[in-house]
Amino acid sequence: MMRFVVFFLIFFNGNFFAQSEKDFTKYVNPLIGSDSSHELSKGNTYPAIALPWGMNFWTPQTGKMGDGWIYTHKNSGLVGIRQTHQPSPWINDYGAFSVMPTTGALKVLEKQRKSNYKNQIVKPHHYKVKFVDSDIDLEVSPTRSSAHFKLSSGTQKKLNIIIDAFFKGSSVEINSEKNTIYGISKNNSGGVPENFSNYFIIEFKTPFNSYGTWDGSGKLFKKDKLNGDHVGAHVSYDSITDGAIEFRVSSSFISHEQALINLNREIPADQSFEATKANAKKIWNNELSKIKITPVVETDKKDSYDNMVKFYSCFYRTILFPRPLHEYDIEGKQIHYSPYNGEILNGPLYTDNGFWDTFRAVFPFYNLLYPEKMGEIIQGIMVNPYKESGWLPEWSSPGHRNCMIGSNSASIIAEAYIKGNIDFDIETAYQAILKNTVNEGPLSSVGRKGFKAYNSLGYIPFDIKVNESVARTLEYTYNDYCIYKLGEKLNKPADEINIFKERSYNFKNVFDPSVNFMRGKSKKGDFETPFMADKWGGVFTEGSSWHYTWSVLHDVQGLINLMGGSSAFINKMDSIFSTPPTSDFSYYGFKIHEILEMELIEMGQYAHGNQPIQHALYLYNYVGQPWKTQEKVRYVMENLYGSAEDGYCGDEDNGQTSAWYLFSSIGFYPVAPVTGQYVIGSPMYDRVEISLSNDKKVIINTQNNKKESVYIEKLLIDGKEYDKNWFSHESMLNGVEIDFFMQNRPNFKWGSSEQSVPYSMSNKH
């Protein structure tokens, strides 16, 4: 572990960088997904100015303090540049504060200081904007836990810099001798102990001419210290026409002393703004260059550029979360504030992740591209939280949050370990997984709600006051399979793990063959009536039976058998797209945004804007019709992802919707991640070169890759014809060259035999 720590410190200090062949950051548009609202998501993202896996992000703020929609693109005014830790608008923020420059008379409240803006430059490593009302240009570039600001203007007016420490408890102190502001922000949205604080420091290069403090009513004070529910500070300069004003900002969840350590390590006092910006750019290019793509040559330049933007913007989103919460003391040792018990402890800690989303593609992406990092991530996001709270997280931000369902921590731990990423305390992790299977946690999202019924009946009945019963049953079933495979890998006793093997078939208990859908079932064994396949919520999570019926990731063949064979399965799959996008939303009382998004994409009952059905396009491979997967996957990539502010068709969700695109665009997707197989789709790009951490390369060439040529004619692996419609994780790690040959009509023979299909538990043990 110490070897990684040393590397990490060097890497993020800007002294070691791999030289990129070109600038990949020019293809990243952090604004994608920001044209969103509570009613309709086009990503529900904000432009994160940050490093990969940065502890602190920065973003322009258009929304009000406390509003989860920090930045919406169509909003005409900015109220500040905000340090944020928000993983989702639904989860909201913690430890936030903001910086806002103004001129003229001092006005501190959001509605007073709000300014029109223009000329935004938005890149991961650099944000620049002109505040129209004050004629000030602001720039910011990030480091891991700090940021460098630069203000410039031609105005002769007095410059004010307003620091807003936000509500729910804050304090500020101004030290004019050191040209420094010390602040504390305690705002949060849950998941923290009473002693939670974000300690921040703002250090100005140039002495300010005047200063003061203010409170949430807008009252100004000539005091250098102030605390309360909502306070802030301000400093002023008589003019900045003689040059730019620069200041460094850093924060810590441990102390002001640690914040200063972070600041001086990451941005030395004599470092220029341009140097900070250049360092951040190099770090991003180092990561983004690990996958080099060549777009389709035959398309026009705009299409080619847009496809590059879609790919690298998705790459950017995928490596923002989970967020590290650990810091490095003066000696370079990992330490962290625990949002689980309020103590300062040793070791890594990661947070801001909902595993219901990210187990599907984000963590598989990390296991492929960042295996050396996975040990630390699992230790930090699973094992240490368990040691500190007694429970594995399922949604953490920064501590346990009562959101979503399942016990998907088991699948993430199992996948990482089985794929060889074993640098974490696996025995503690395994015992934590077992604890989950026989306990309900202090929150409904922690442990396994309804476990007693599930363990005794093989499903969770709809009439025992456990909501989302079918969804929970199906997710527990896949996770039981993961536990079984992990137990095998660890050589655990057969009598200990066979019970999980048996429970891996529990999906059968909520399948009704009379309608060929998953369906709620009573504790007496009767199916719920009336049944409406398009009823959202109730026994399902953010979806209907149309979406959850396919949630048998580890045993698609078992589901095929339940439906009566391949023909019936194909007909049912086809009907997803031919059935009108109707919905019964009586459970919610209104059309939730996920329903509206399903209606807008015009793909029948398919709802790509939410996770439960995102893998389903690949299931045609299991029944000998891979050309249908190829056709529909390519359609989604071409039509449901974009390069502009409305570029997603639903919540981006901590990288999951982006990771789906990353995998799919290079030609394959991890339907059941723990199996170590990738199911083949239709590659988007002429050439993909993936540089793995073991110095091996995965090279994917696509011949005749025109827009209409979405179907596979044939496939070569290292020059030899290949007829299976899946790749193995092991073959990727060994390095491989894959050649796709595409055509504009289906090839009904390629990948269609019984020997071609991916793994299913029912036919391969």
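The values are calculated or read from the model by the stated rules, or taken from the named source; none is laboratory data. Keep in mind that what you see is a predicted model, and the values were worked out from it rather than measured. Quick reminder, even Gly has a Cβ in these numbers, built from the backbone with ideal geometry, and neighbours come from all protein chains shown.
With respect to being of a type in the set (S, T, Y), part of a strand (DSSP E or B) and more than 21 Å from F273 (Cβ to Cβ), S88 falls outside the description. Here the strands (runs of 3 or more DSSP E) wholly within segment 132-238 that include at least 1 residues being within 15 Å of Q83 (Cα to Cα) and polar (S, T, N, Q) are 136-142, 146-153, 170-175, 180-185, 198-204. Of the residues making up segment 621-632, at least one is among the aromatic types (F, W, Y) and outside any strand (DSSP E or B). Only one entry in K591, K572 is over 30 Å from the mean Cα position of the chain (by Cα), among the basic types (K, R) and not assigned by TED's automatic domain parsing to the domain that holds S762, namely K572. Just one residue in the set V172, V192 is of a type outside the set (S, T, N, Q) and either more than 17 Å from A259 (Cβ to Cβ) or surrounded by fewer than 19 Cβ atoms within 10 Å (Cβ to Cβ) (or both); that residue is V192.
The single condition from (1) within 21 Å of S239 (Cβ to Cβ); (2) buried (at least 23 other Cβ atoms within 10 Å of the Cβ); (3) of a type in the set (S, T, N, Q) that S115 fails is (2).
Conditions tested, residue by residue: (1) within 26 Å of the chain's Cα centre (by Cα); (2) within 11 Å of T294 (Cβ to Cβ).
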site	(1), (2)
Q677	yes, no
I680	yes, no
M684	yes, yes
V688	yes, yes
S693	yes, no
N701	no, yes
N704	no, no
K707	no, no
I712	no, no
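Under the condition of being modelled with pLDDT of 95 or more and either assigned to a loop (DSSP other than H, G, I, E, B) or hydroxyl-bearing (S, T, Y) (or both), the residues counted in segment 406-422 number 6. The condition (being touching a Ser or Thr at 6+ places or on another chain (Cβ under 8 Å), in a helix (DSSP H, G or I), buried (at least 20 other Cβ atoms within 10 Å of the Cβ) and not acidic (D, E)) is satisfied by just one residue among N307, N367: N307. Determine whether segment 375-384 contains at least one residue that is in a loop (DSSP other than H, G, I, E, B), modelled with pLDDT of 95 or more and touching a Ser or Thr at 6+ places or on another chain (Cβ under 8 Å). The answer is no, given that none of the residues of segment 375-384 is in a loop (DSSP other than H, G, I, E, B), modelled with pLDDT of 95 or more and touching a Ser or Thr at 6+ places or on another chain (Cβ under 8 Å).
I need the full set of residues from segment 722-731 which are crowded, with 19+ Cβ neighbours inside 10 Å and part of a helix (DSSP H, G or I), in order please. The one that is crowded, with 19+ Cβ neighbours inside 10 Å and part of a helix (DSSP H, G or I): H729. Which ones in segment 339-351 are touching a Pro at 6+ places or on another chain (Cβ under 8 Å), assigned to a loop (DSSP other than H, G, I, E, B) and not aromatic (F, W, Y)? Answer for segment 339-351, where residues must be touching a Pro at 6+ places or on another chain (Cβ under 8 Å), assigned to a loop (DSSP other than H, G, I, E, B) and not aromatic (F, W, Y): P339, N341, G342, P348, L349.
Summed over segment 645-683, residues that are under 29 Å from R323 (Cβ atoms) and either free of Cβ contacts under 8 Å to residues at least 40 places away in the same chain or outside any helix (DSSP H, G or I) (or both) total 19. Note on segment 199-222: among residues that are of a type in the set (D, E, K, R) and within 27 Å of N262 (Cβ to Cβ), the one that is modelled with the lowest pLDDT is K205.
Criterion first (in contact with a Gly (Cβ under 6 Å, 6 or more places away or on another chain) and assigned to a loop (DSSP other than H, G, I, E, B)) does G642 satisfy it? The answer is no for G642.
The C-beta contact set for segment 722-744 (first residue under 17 Å from S682 (Cα atoms), second residue charged (D, E, K, R), distance under 6 angstrom, 6+ apart or interchain) comprises E737/D718; F741/E713; F741/K714; Q743/E713; N744/E708.
Annotation note: Cβ proximity below 7 Å between a residue of segment 567-588 that is under 15 Å from K632 (Cα atoms) and a residue that is assigned to a loop (DSSP other than H, G, I, E, B) (sequence gap 6+ or interchain) occurs for I570/Q625; I576/G604; I576/Q605; I576/Y606; F577/M603; F577/G604; F577/Y606; S578/G604. Taking segment 560-589 as the range and being on the phi < 0 side of the Ramachandran plot and either small (G, A, S) or at pLDDT below 95 (or both) as the test, the residues that pass are S566, S567, A568, S575, S578, S583, S586. Could you tell me whether any residue of segment 599-620 is among the hydroxyl-bearing types (S, T, Y), closer than 25 Å to S760 by Cα and in a helix (DSSP H, G or I)? Looking through segment 599-620, at least one residue is among the hydroxyl-bearing types (S, T, Y), closer than 25 Å to S760 by Cα and in a helix (DSSP H, G or I).
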